[in-house]
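Enquirer: One structure coming up, written as C-alpha cells, with questions to follow.
All of the numbers you see were taken from the coordinates with simple rules; none came from a lab. Computed from a prediction, not measured in an experiment: that's the story for all the values here. All Cβ positions, glycine included, derive from the backbone under ideal geometry; neighbour counts span all protein chains shown.
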Amino acid sequence: MDQVIRPRRLRGNAVLRKMVRETRMDKSSLVYPLFIVEGENIREEICSMPGQYRYSIDRLGEPLEELEKAGVSSVMFFGIPAHKDELGSMAYAEDGIIQRAFEKARRDFPNLYLIGDVCMCEYTSHGHCGILCGSDVDNDKTLEYLAKTAVSQVQAGADMVAPSDMMDGRVEAIRNALDKNGFYHTPIMSYSAKFASSFYGPFRDAAESTPAFGDRKTYQMDYHNRREAMKEVLLDVKEGADIVMVKPAAVYGDLIREIKETVKIPVASYSVSGEYSMIKAAALAGFIDERGVMCEMAASAYRAGTDIYITYFAKELAECMEKGVIG
Ligand code: PBG
C-alpha cells in the first residue's frame, strides 16, 4: 500500500479533531426568539412547539433570567396583542404589548441585547404583514406603519430592529424614520431573503398570525429563486441594512453561503419554528437523537457562513458550545 495522503490521520484523536475543526461557533452569535402575550401570570406552552412558551409581561423575567444563565445575551421579541384590527394599531401603540415588554426588559435586564421583530401580521385582524388594499397588501402605505412600529420599539428600549414583512423599500423607510428621531446608532437586521415557507406553520400557531385568507406569496419570496434572493439582499444593503438575514436556515444553506461571499456585512439566519418542531416531534417519537440533530443543523448553518443564528434552541446550543460538544 503506497498511500501518502490519508485523511483519516487527522481524525484519530478527539483533541486533534478539534484542533483541525473548520467551523467554530460561539454563543455570542445566538439569538433567542420569545413570544409575549397580554394578560397576567401566563406561561403557556405552544402546542406545536413543545418546550416553547408564551409569557405575559409579569413573568417575562423567568425566560430572560434563564437565557442570561445559559450565556445567551440576545433575544428577539414577538408581541401578541389582545386586540387586532385592520391597521394593526397595537403594533405601534405606546402601551402595546411589545413596547411594554421592551420597557420592562430594558429596566430589569440592562445587559441583554434586545431585538424587535417589526411586522404587522401578529397585529392585524386579517393576519397579513401590512395594510390591505382590496385583497393584497399595499406596499407603500405599509411602509409608514412599519417605520412607526420600529421607532416605537426603539423608544421603548429595543437595541435593534428586524423588519420581517418583506415590503419593498422598508429598510430605507425605517432607516429614515429612526434617523429623524435621533436613533442614528440603532442597527437594522433585515429579513432580506425571506421565503414563503411551510416551515413557519408552528410560529403562526404561536403568534396567532395565520392569514385569514390567501397566503404571503405576493410579498415573501418563491423558494425556487436564488438570483432573486441576491437581488433582495443587495437592495437591502443599498437601503442601509446593517445585517442581512436568510430565513428559513435549514434548507437554505446555499444562499447563506452565496450571500456571505457577496456582501461585506454580517449574515444572519433564522432556524424557524418548523425546523424546531420537526426535531422535537421526531425526538419525542424516539426516532432521532434530539441533541445530535440540533447540533448538526446548527453547525450546517455556521458552516454555510452564518454569523448570527436565531434559534429556539439557543439555550441548549449554548450549553453544547460551553461543554465543547460543538463549536
Ligand atoms: C412575521 C414573522 C414570521 C416569522 C418571523 N417573523 C411569520 C411569517 O412570516 O409568517 C416566522 C418565524 C418562525 O417560523 O419561527 N412576519
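Enquirer: Mind checking which residues of region 158-170 are more than 15 Å from the ligand (Cβ to nearest atom) and farther than 24 Å from Ala105 by Cβ?
Expert: Of everything in region 158-170, those that are more than 15 Å from the ligand (Cβ to nearest atom) and farther than 24 Å from Ala105 by Cβ turn out to be Asp168, Gly169.
Enquirer: Sticking with this structure for a sec: When region 272-314 is examined, which residues are found to be more than 26 Å from Glu258 (Cα to Cα) and more than 16 Å from the ligand (Cβ to nearest atom)?
Expert: If the condition is that a residue be more than 26 Å from Glu258 (Cα to Cα) and more than 16 Å from the ligand (Cβ to nearest atom), then Ala282, Ala283, Leu284, Ala285, Gly286, Phe287, Ile288, Asp289, Glu290, Arg291, Gly292 are the ones that fit.
Enquirer: I want to confirm something. Restricting to region 251-271 and keeping residues that are within 16 Å of the ligand (Cβ to nearest atom) and over 16 Å from Asn225 (Cα atoms), which single residue is surrounded by the most Cβ atoms within 10 Å (Cβ to Cβ)?
Expert: Filtering region 251-271 for residues that are within 16 Å of the ligand (Cβ to nearest atom) and over 16 Å from Asn225 (Cα atoms), the one surrounded by the most Cβ atoms within 10 Å (Cβ to Cβ) comes out as Ser269.
Enquirer: Go through region 161-170 and give me each residue that's hydrophobic (A, V, I, L, M, F, W, C), part of a loop (DSSP other than H, G, I, E, B) and buried (at least 24 other Cβ atoms within 10 Å of the Cβ).
Expert: If the condition is that a residue be hydrophobic (A, V, I, L, M, F, W, C), part of a loop (DSSP other than H, G, I, E, B) and buried (at least 24 other Cβ atoms within 10 Å of the Cβ), then Met166 is the only one that fits.
Enquirer: Mind counting the residues in region 65-98 that are away from the ligand (no atom under 16 Å from the Cβ) and on the phi < 0 side of the Ramachandran plot?
Expert: Counting residues in region 65-98 that are away from the ligand (no atom under 16 Å from the Cβ) and on the phi < 0 side of the Ramachandran plot gives 17.
Enquirer: Let me ask you something else. Which one of these is farther than 22 Å from Ser125 by Cα, part of a loop (DSSP other than H, G, I, E, B) and in contact with a helix residue (DSSP H, G or I) (Cβ under 7 Å, 6 or more places away or on another chain): Ala158, Ala173?
Expert: Only one candidate passes the filter, namely Ala158.
Enquirer: Take the residues in region 176-202 that are part of a loop (DSSP other than H, G, I, E, B) and in contact (Cβ under 8 Å) with a residue 40 or more places away in the chain, then tell me which one is farthest from the ligand (Cβ to nearest atom).
Expert: Restricting attention to region 176-202, the residues satisfying the condition of being part of a loop (DSSP other than H, G, I, E, B) are 181-187, 196-197.
From what's left, in contact (Cβ under 8 Å) with a residue 40 or more places away in the chain: 187, 197.
Values: Pro187: 18, Ser197: 8 Å.
Of everything passing the filter in region 176-202, Pro187 is farthest from the ligand (Cβ to nearest atom).
Enquirer: Considering region 203-237 alone, what residues qualify as being part of a loop (DSSP other than H, G, I, E, B), of a type in the set (Phe, Trp, Tyr) and in contact (Cβ under 8 Å) with a residue 40 or more places away in the chain?
Expert: Phe213, Tyr219
Enquirer: Can you list the helices (runs of 4 or more DSSP H) found entirely within region 238-316 that contain at least 2 residues being in contact with a strand residue (DSSP E or B) (Cβ under 7 Å, 6 or more places away or on another chain) and of a type in the set (Gly, Ala, Ser)?
Expert: Helices (runs of 4 or more DSSP H) meeting the threshold: 290-304.
Enquirer: Exactly one condition in (1) in contact (Cβ under 8 Å) with a residue 40 or more places away in the chain; (2) touching a Phe, Trp or Tyr at 6+ places or on another chain (Cβ under 9 Å); (3) farther than 15 Å from Leu64 by Cβ is false for Cys121; which is it?
Expert: Going through (1) in contact (Cβ under 8 Å) with a residue 40 or more places away in the chain; (2) touching a Phe, Trp or Tyr at 6+ places or on another chain (Cβ under 9 Å); (3) farther than 15 Å from Leu64 by Cβ one by one, Cys121 breaks only (2).
Enquirer: Taking the condition surrounded by fewer than 23 Cβ atoms within 10 Å (Cβ to Cβ), among the small types (Gly, Ala, Ser) and more than 16 Å from the chain's Cα centre (by Cα), does Gly274 pass? Don't jump to the end; show me each part of the working.
Expert: Details: surrounded by fewer than 23 Cβ atoms within 10 Å (Cβ to Cβ): yes; among the small types (Gly, Ala, Ser): yes; more than 16 Å from the chain's Cα centre (by Cα): no.
Taking the combined requirement at face value, the residue does not satisfy it.
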